[in-house]
Amino acid sequence: TLKVLEQEGHITFAENIFLPTKICFTVSAEALRDFETAHPGLEALIKYLLRTYEGIIDNRVSVSEKQLARICRMEPQQVNEQLRQLAAFGIIEWLPQKETPQVHYLLNRAPAKYLHIAQDSYLERKKQYQQRVDTMIRYLELEKECRSKFIAHYFGDDRSGICGVCDNCLANKRKTLSPEEFNTLRQLLIDRIDSPVTVKELLASFRQYSQEKIWVLLEFLEGEQLIAVDEQGVVTRKHA
């Protein structure tokens, strides 16, 4: 609902926002001195505010409560409580820091019965949202198509090729091997990688198989986290 109101230009909505504490003194210098005399426990905080933040007597200024706590050697909760007391006594105007979502009205707030939402725009946004949901569902249901290529096409890149490493690409590659050949070569590779070996040495050890088939099995074993291949092409077996 908030997003619709924002798109219609009624409000701005910020979900993640940090607004620092703002403080302004509201009493005269003489009244402030009298207050410090009567409340010595709040004097240190008052003096630090006056010495550190220029203009705080006349204007609201942004204040770091964490910095206040560190300089005054207090816990942040103590600083917060003392600021609360100063505000309660009418010594300062205090706007506590905020980290919650913020809504700002761009137009006069209208009663719900007078609130106008353009139907055509709303239906168009709903249609676009449904299209995104449908695309996500199609992505999850892909069985043969390369997932990376599907995503690239969605974002308008029709020249992207298959990635060769997603689950569908690996499954398509495995089809170049019969189940018997796949299982046999899989076990041979696992046995051969009992100690670290380079990819080049593996390819040389299994010349009776095409390099494509060896790569298919290596990618499968790596995807199953049975082996690891480092940047130098050294293959090591992962032991549970």
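Every number here is computed from the coordinates shown, using simple stated rules; none is lab data. Keep in mind that what you see is a predicted model, and the values were worked out from it rather than measured. Glycine also receives a Cβ, built like all others from the backbone with ideal geometry; neighbour counts cover every protein chain displayed.
How far, in degrees from 0 to 90, does helix 76-88 lean away from the longest principal axis of the Cα atoms of the chain, to the nearest 10? Between helix and principal axis, roughly 40 degrees. For the chain, leaving out every one of the GluC sites (Glu not before Pro) that falls in a DSSP loop and has at most 11 other Cβ atoms within 10 Å, the longest unbroken run is 144-223.
Please give the FRET efficiency for ARG70 paired with ASN183, using the beta carbon to beta carbon distance and R0 = 45 Å, rounded to the nearest 0.05.
Numbers: r = 65 Å, r/R0 = 1.44.
The pair ARG70/ASN183 has a calculated efficiency of 0.10.
Here the ratio of the Cα radius of gyration of region 21-95 to 2.2 N^0.38 Å is 0.98.
Taking HIS104, HIS116, HIS39 as the candidate residues, the one with maximal mean-square fluctuation in a Gaussian network model of the chain, Cα springs under 10 Å, is HIS39.
The chymotrypsin sites (Phe, Trp or Tyr not before Pro) of region 148-240 that meet both conditions, a loop assignment by DSSP and at most 11 other Cβ atoms within 10 Å of the site Cβ, are PHE155. I'd like the orientation of helix 29-38 relative to the chain: the angle between its Cα long axis and the longest Cα principal axis, in ° from 0 to 90, rounded to 10. Approximately 80 degrees, to the nearest 10. A DSSP coil position with no more than 14 other Cβ atoms inside 10 Å describes the following trypsin sites (Lys or Arg not before Pro) in region 137-168: LYS144, ARG159.
Between ALA29 and MET136, 0.36 nm times their residue separation minus their Cα-Cα distance comes to what?
Numbers: separation 107, 0.36 × 107 = 38.52 nm, distance 6.41 nm.
Once the chain is fully extended between ALA29 and MET136, it gains 32.1 nm.
In terms of Cα atoms, the Rg and Dmax of the chain work out to 33.3, 97 Å. The chymotrypsin sites (Phe, Trp or Tyr not before Pro) of region 1-46 that DSSP puts in a loop, and whose beta carbon has at most 13 other beta carbons within 10 Å, are PHE18.
Evaluate E = 1/(1 + (r/R0)^6) for VAL165 and ARG125, where r is the Cβ-Cβ distance and R0 equals 35 Å; express this FRET efficiency to the nearest 0.05.
Working: r = 36 Å, r/R0 = 1.02.
Once the sixth-power term is evaluated, E becomes 0.45.
For region 29-170, what number results from the quotient of the Cα radius of gyration and 2.2 N^0.38 Å?
Details: Rg = 29.1 Å, N = 142, 2.2 N^0.38 = 14.5 Å.
Output field value: 2.01.
Relative to the dominant Cα principal axis of the chain, helix 211-223 is inclined by about 40°. Cross-link pairs exceeding 24 Å between alpha carbons, from the set LYS98/LYS126; LYS98/LYS127; LYS144/LYS238; LYS66/LYS98: LYS98/LYS126; LYS98/LYS127; LYS144/LYS238.
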